[in-house]
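Everything below concerns the one structure shown next.
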Amino acid sequence: MVRVTTPAPLPQPDSEPDSATDVVRAVPNRRSALRAGAGLAAAGALATGCSATGAGAHPASASRVTGTTQATGTSRPPGTPHPPSGPVSAPAPRAFPRQPAQITHGPRTRPRVALTFHGQGDPAVTEKLLGEAEKAGARVTVLAVGSWLDEHPGVARRILDGGHDLGNHTLRHIDINAMPEPDAYAEILGCADRLRRLTGSIGTWFRPSRASRASPLVERVARRVGYPHVLSYDVDSLDFTSPGATAVTRQVLGGIRPGSVVSLHFGYADTVAALPALLHELDRRGLRAVTTTELLS
């Protein structure tokens with residue numbers, strides 16, 4: 001007779017955490033968390049870019065990737081959990097004492113840059129972009145939208161398995177700087193909770209939605225949740241405007257220099273098409289694409 005043991009359910013907090021310590025205190029078993037995360041109710045993901053001024057949704061474009069496009073080279077249906085491959089470290093946020101509360105770039109003295117992606121959209125496109133980066137020996141930073149993780153919980157493990165940074169881009173990707181404090185707190189904590197359930201950590205970075213920089217209120221709330229820094233950027237690819245792959249590449253290369261943090265997005269065909277040429281030119285210039293954590297370490 002084979003005895004079947006039902007895994008114990010994850011502990012649920014009785015009330016909303018009051019501090020960063022409360023948020024990161026409960027770190028669930030890695031695999032149990034992954035299974036539990038797959039059961040989160042799906043919320044509608046907004047596949048839109050973040051403007052520097054925190055404007056509303058950008059108009060839809062024919063070059064935008066939506067639907068169920070299959071990524072070249074993927075061997076499993078998009079959105080399904082990544083097969084287990086042993087324990088994966090899920091780092092917690094860390095403070096960089098020499099960096100400001102809102103980080104726009106890293107040291108200018110080393111030949112490194114950080115490509116950061118706002119995480120939402122078709123997971124097949126995510127797989128394609130991550131595959132292109134890994135093929136070139138690059139590592140990136142993904143700021144995930146919480147509702148996207150609800151719909152595609154497997155992408156969290158996929159990102160970490162690839163050696164990339166995974167962070168928080170709010171729960172619903174709306175204008176967080178325009179929210180009152182309780183709502184802003186719920187947006188940041190909501191995404192942090194999804195990340196913690198799926199990976200055991202609230203993620204390494206926080207970036208506000210619909211803005212390049214956080215308001216003082218949002219910066220304060222992010223610290224309360226557990227993020228010592230807000231991650232901004234000094235190079236905006238403008239890929240969410242769907243200007244064409246050549247324009248995306250030109251925009252990035254025109255502004256990038258050692259230490260730069262670049263804003264890019266999953267879910268756009270132009271970004272997929274631009275990435276190989278962008279990585280090739282970075283290599284030609286002697287610039288290495290690394291995670292934001294590595295850029296600042």
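From the list Val140, Val113, Val145, the one residue that fits, being surrounded by 22 or more Cβ atoms within 10 Å (Cβ to Cβ), over 15 Å from Leu275 (Cα atoms) and either in contact with a helix residue (DSSP H, G or I) (Cβ under 8 Å, 6 or more places away or on another chain) or not acidic (Asp, Glu) (or both), is Val145.
Take the residues in the range 97-106 that are surrounded by 13 or more Cβ atoms within 10 Å (Cβ to Cβ) and of a type outside the set (Ser, Thr, Tyr); name whichever of them is farthest from Val230 (Cα to Cα). Ranking the qualifying residues of the range 97-106, first place goes to Gly106.
Checking Asp150, Asp165, Asp175 one by one, the residue that is more than 18 Å from Ser232 (Cβ to Cβ), at pLDDT 95 or above and either among the charged types (D, E, K, R) or open to solvent by 30 Å² or more (accessible area, probe 1.4 Å) (or both) is Asp150 and no other. Would you check if Ser212 is touching a strand residue (DSSP E or B) at 6+ places or on another chain (Cβ under 9 Å), open to solvent by 10 Å² or more (accessible area, probe 1.4 Å), under 26 Å from Ala95 (Cβ atoms) and small (Gly, Ala, Ser)? Against the criterion (touching a strand residue (DSSP E or B) at 6+ places or on another chain (Cβ under 9 Å), open to solvent by 10 Å² or more (accessible area, probe 1.4 Å), under 26 Å from Ala95 (Cβ atoms) and small (Gly, Ala, Ser)), Ser212 qualifies. Test Leu195 against the stated conditions and say whether it is in a helix (DSSP H, G or I), open to solvent by less than 20 Å² (accessible area, probe 1.4 Å), of a type in the set (A, V, I, L, M, F, W, C) and in contact with a helix residue (DSSP H, G or I) (Cβ under 8 Å, 6 or more places away or on another chain). Yes, satisfied. Using the structure shown, decide if Ala211 is modelled with pLDDT under 95 and within 24 Å of Pro123 (Cα to Cα). Yes; evaluated as a whole, the condition is true for this residue. Is it the case, given these coordinates, that Val248 is buried (at least 24 other Cβ atoms within 10 Å of the Cβ), touching a residue at least 40 places away in the same chain (Cβ under 8 Å) and assigned to a helix (DSSP H, G or I)? In short, no.
Taken together, the residues in the range 274-297 that are surrounded by fewer than 18 Cβ atoms within 10 Å (Cβ to Cβ), among the small types (Gly, Ala, Ser) and not in a loop (DSSP other than H, G, I, E, B) amount to 1.
The values are calculated or read from the model by the stated rules, or taken from the named source; none is laboratory data. Everything numeric in this text was worked out from a predicted model, so none of it was measured. Please note: Cβ atoms are built from the backbone with ideal geometry, for glycine as well, and neighbour counts cover all protein chains shown. In case anyone asks, the SASA skips ligands and DNA or RNA and just uses the protein heavy atoms, side chains included. Shrake-Rupley method; radii C 1.70, N 1.55, O 1.52, S 1.80 Å.
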